[in-house]
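Okay, structure first, notes after.
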Amino acid sequence: MKGRKNSSLLGRLDKFQRLFFVALLSVLAVGAFAQSKTVSGTVLDKTGESVIGASVVVKGTTNGTITDFDGNFTLQNVPDNGTIQVSFVGYKTVDVLVKGQSTIKVTLEEDTETLDEVVVVGYGVQKKSDVTGAMARVGSEELNTRPVNNAFEALQGKAAGVDITSSERPGTVGSIRIRGNRSISASSDPLYVVDGVPLSAGGIETINPRDIESIDILKDASSTAIYGSRGANGVILITTKRGKAGRLALNYSGSVTLETLKDKSPAMSASDYITWRRWAYYNSDPVNNPRGDQPNYDKDQIYFAASGDPTALANVNKGWNNGSWDGSRVTDTDWADIVTQTGITHEHTISGSGGNETAQAFFSVGYLNNQGTQKGQEYERYNFSMSVDLQVKPWFKMGGSINGSWAVQDYGYSRTGQSSGSGPVDIYSAAKAIPRFGVPYDEEGNIITNPCGSTTNVYTVIDEWNKSTDNRQTFRALGSFYGQFDFGKMWAPLEGLSYKISFGPDFRHYRQGIFISKDSAVKMGSKNYAKYATDRYLSWTLDNQINYNKTFGKHNLGIT
């Protein structure tokens, strides 16, 4: 009886504790609910007009909404001591303390610094607030937020409506599309303009990203019209860095990165492949062949001996022991691992800038070494850039810039010279095509030409990076020279009238040397292949511009 009374008392205490915690949690929940509220309001500009689509969020959270056509908004679950942040493109961001308020009114002010920012358009510059065409700008800070090999990668993900695909092969660039493909059969590449010089061939892959001051992207017809049909796919304007008045400043920037390949579609293991082959034979003749999940030693001797490689068959037989099958005993060769490596990239740039009110200069030298994640692929580039601006007379200014590069690319595995257009285009794909039950060496350590048998038409990739060479060298020099006369400073009645002459040469020399051994996986069983090609290209642009810019009260007149 005494034991029962103690048990009953403990039961009552346990119920009391549960009721107490439930009541406590209810009080805390009510208290938490009471500390948040619904806040509504209106967002206007300085003239009293509604701001449509303004972002309204609880600062420090993802709880937010946007204003409607009347500039109104309603935001729920706002803490009593919280802060509401209101922002809109072209306006300064405003923070409003709630402090018990349920209704607020927010007036946004124009961000004059943003609207007055100068952007490159056509053959001149304008304020961003005056530009009506669709365009985007990426500055030097954004371009150098992460280590990249070329300007394409630096631009990737920085501008809306601009799609950039990258290439895993060092020294090879992908494609860039502004608002998608513009043609079915013709080129969809945009026009590149470097320091006012339109490029007739190639892109901006040879320019050191650290030498770029800004990239302006012109997307639609109104902003690209000045370039005519050449700007049909959009225009990418590159402005390189120039000297600034002040004492000489020396800068160093560099980075080291490591890269590895992530296999998104791993190949079947040796054991899985053998089972798959068994099922294939079963499905070809279900009456006479055993099921794939019911291995048979005698049938395996028929299935895999037919491939013609005794080493591969011997590897399969490793899985048999006293009439029982264990696939884990079969050697599993990871061919992809044989041809891949940790890619190491390091780049270094030394630059200097300085000058006074009458002369400014800038220079930089850069080096990039990009070792690929696939063996046999490497890219090395040297860059040099220099610019000088001189205010010779109050009415005459002149200057110029040169951007040069020397690049050497080891392209790696290539199907150049192969009569058939099908097959793997890189060594990684060639390795993935070899079933993993094939082994690379025989018992004497010799390379096996057909790891899975002569009938499979699959060749080894062992030492492939020494059997084929595709070396490509490119030298490119871009120049931009100008002279500008300000007639208004020569004679007051001509104020606003100026003349500018610009000359931009573009020189490129390209050399390619290829040798593919007959023992290569590409030319197996054929003859050696060799090729040598050179290409030299020179173009120039000569511009003569007369500009008239005059301000009449609140009105601006600009004529080119």
Unique match (being modelled with pLDDT under 95, among the aromatic types (Phe, Trp, Tyr) and farther than 26 Å from residue 508 by Cβ) among 411, 428
428
Do the conditions hold for residue 43, that is, is it assigned to a strand (DSSP E or B) and free of Cβ contacts under 8 Å to residues at least 40 places away in the same chain?
no
Which of the residues spanning the stretch 83-115 are in a loop (DSSP other than H, G, I, E, B), over 31 Å from the mean Cα position of the chain (by Cα) and free of Cβ contacts under 8 Å to residues at least 40 places away in the same chain?
99, 100
Of all residues in the stretch 430-455, count the ones that are surrounded by fewer than 20 Cβ atoms within 10 Å (Cβ to Cβ), of a type in the set (S, T, N, Q) and in contact (Cβ under 8 Å) with a residue 12 or more places away in the chain.
3
Index of the failed condition, residue 398 passing every other in (1) at pLDDT 95 or above; (2) under 25 Å from residue 253 (Cβ atoms):
(2)
Can you name the residue in the stretch 379-405 that is surrounded by 20 or more Cβ atoms within 10 Å (Cβ to Cβ) and under 30 Å from residue 463 (Cα atoms) and is also farthest from the chain's Cα centre (by Cα) among such residues?
381
Within the stretch 315-323, identify whether any single residue is touching a residue at least 12 places away in the same chain (Cβ under 8 Å), assigned to a helix (DSSP H, G or I) and closer than 15 Å to residue 435 by Cα, and answer yes or no.
yes
Could you please give the count of residues in the stretch 475-525 that are in contact with a strand residue (DSSP E or B) (Cβ under 7 Å, 6 or more places away or on another chain) and more than 27 Å from residue 238 (Cα to Cα)?
11
Do any residues in the stretch 278-298 that are in the same structural domain as residue 327 (by TED's automatic domain parsing) have Cβ atoms under 9 Å from those of residues that are among the β-branched types (Val, Ile, Thr), where the two are at least six apart or on different chains, and which pairs are they?
281/302; 292/275; 293/275; 295/274; 295/275
Residues of the stretch 285-318 satisfying the condition of being surrounded by 14 or more Cβ atoms within 10 Å (Cβ to Cβ) and within 46 Å of the chain's Cα centre (by Cα):
292, 304, 307, 308, 309, 311, 312, 313, 315, 316
So if I check each of 314, 232, which one is outside the structural domain of residue 189 (by TED's automatic domain parsing) and out of contact with any Asp or Glu (no Cβ under 7 Å at 6 or more places or on another chain)?
314
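The values are calculated or read from the model by the stated rules, or taken from the named source; none is laboratory data. Since we're looking at a predicted model, the values are computed, not measured. Reconstructed Cβ throughout: ideal geometry from the backbone, glycine too, with neighbour counts over all protein chains shown.
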